[in-house]
Amino acid sequence: MAETGVADAIRRGMGECSPAERKVARVLLAAYPSAGFETVAKLAERAGVSGPTVIRFVNRLGYKGFPDFQESLRRDLDERSASPLRIYESRQGAEPGTETSLRDRAASIAVDTLRRTFEGLTTHDLERCISLLAEAQGAIHISGGRYSQLLGRALALHLQQLRPRVQMLPDLPSTRAAVLEDLGRRDVMVLFDYRRYEDETLLLARHARARRASIILFTDAWLSPISSVADVVLTSETRAPSPFDALTPVMALVETVVAGCFEALGDAATKRMARADRTATDLGLY
């Protein structure tokens, strides 16, 4: 399986496009993946551009033509919905042979996924994410999926040391509903969503957008549907030596964001950490 999704390729390629081509990209991402299966004429009409502009756009992304783009899109859909076992089976033969030790295989894959993750991280996206988290006047709410909630908790625990009003969304439905009812335009919603994407997380994003809260999305190269409503999208590579998508590259992004927030908050962060240490000592916590 490829490790770069069509949606992510579109998003990353927008910076090199003409203004007309960017209109095509925005239409594709806003209604992904269905818009990509429309005819050239229909897609051009929706984007308000000419048919040749659509063709130039897909050519710029490296496709030989629109049929080639749509075939890649079909493969992309298969990968977006693939189960962990299917992902693992598809990687067999593409990875080093069994004669290579697990240690060496895992090290090679980890180094490659980290390198590719940071190569795909734009300075603009990183700085925007840090700015939203450091300067938020309201609360920061964090939520994730089955596995990615672990990464969300790591981000929450670190940010709580640096600034006030940071929390994981509560699990208890009634409490969660009460918190979300108070969501407003000064708040930030941070969501972790990886294939196979969770409808509950998408509903959270739509609620946050309706309340005009800012949205930060951590996702994979295939892009969660939330990407169409997010203010910032941070993607990571997911290749791993196991049947499960890698979490290490995401954790590296989280640690980078935390470092940026610490620098952005400056004295306010260090003073808060000092006060927290004194409180912990007074209460005999550590």
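The values are calculated or read from the model by the stated rules, or taken from the named source; none is laboratory data. Quantities reported herein were computed from a predicted structural model and do not represent experimental measurements. With ideal geometry, Cβ positions are generated from the backbone for all residues, glycine too; neighbour counts draw on all protein chains shown.
If the condition is being part of a loop (DSSP other than H, G, I, E, B) and within 17 Å of the chain's Cα centre (by Cα), then the range 121-149 contributes LEU121, THR122, GLY144, GLY145, ARG146, TYR147, SER148. Counting only helices (runs of 4 or more DSSP H) that fall entirely inside the range 16-75 and contain at least 1 residues that are within 22 Å of the chain's Cα centre (by Cα) and not charged (D, E, K, R), the qualifying elements are 19-30.
With respect to the conditions (1) buried (at least 19 other Cβ atoms within 10 Å of the Cβ); (2) at pLDDT below 95; (3) more than 15 Å from the chain's Cα centre (by Cα), ALA106 falls short on a single one, namely (1). Every condition in (1) surrounded by fewer than 20 Cβ atoms within 10 Å (Cβ to Cβ); (2) more than 16 Å from the chain's Cα centre (by Cα); (3) of a type outside the set (Phe, Trp, Tyr) holds for ALA213 except the one numbered (1). Close Cβ contacts (under 7 Å, 6 or more residues apart or on different chains) running from residues in the range 260-276 that are within 13 Å of GLU135 (Cβ to Cβ) and not assigned by TED's automatic domain parsing to the domain that holds GLU127 to residues that are modelled with pLDDT of 95 or more and surrounded by 11 or more Cβ atoms within 10 Å (Cβ to Cβ) are absent.
Applying the condition of being in a helix (DSSP H, G or I) and polar (S, T, N, Q) to the range 150-176 and asking which residue is surrounded by the most Cβ atoms within 10 Å (Cβ to Cβ) yields GLN160. Flag set for ARG146, criterion: among the basic types (Lys, Arg), modelled with pLDDT under 95 and in the same structural domain as MET251 (by TED's automatic domain parsing).
May I ask you to verify whether LEU180 is under 20 Å from the mean Cα position of the chain (by Cα) and surrounded by 14 or more Cβ atoms within 10 Å (Cβ to Cβ)? Spelling it out, it is not the case that LEU180 is under 20 Å from the mean Cα position of the chain (by Cα) and surrounded by 14 or more Cβ atoms within 10 Å (Cβ to Cβ).
Just one of the listed residues (ASP231, ASP267, ASP245) is out of contact with any Asp or Glu (no Cβ under 6 Å at 6 or more places or on another chain) and more than 21 Å from GLY138 (Cα to Cα), and it is ASP245. Per this entry, ILE87 is counted among residues that are surrounded by 13 or more Cβ atoms within 10 Å (Cβ to Cβ), β-branched (Val, Ile, Thr), more than 21 Å from VAL229 (Cβ to Cβ) and at pLDDT below 90.
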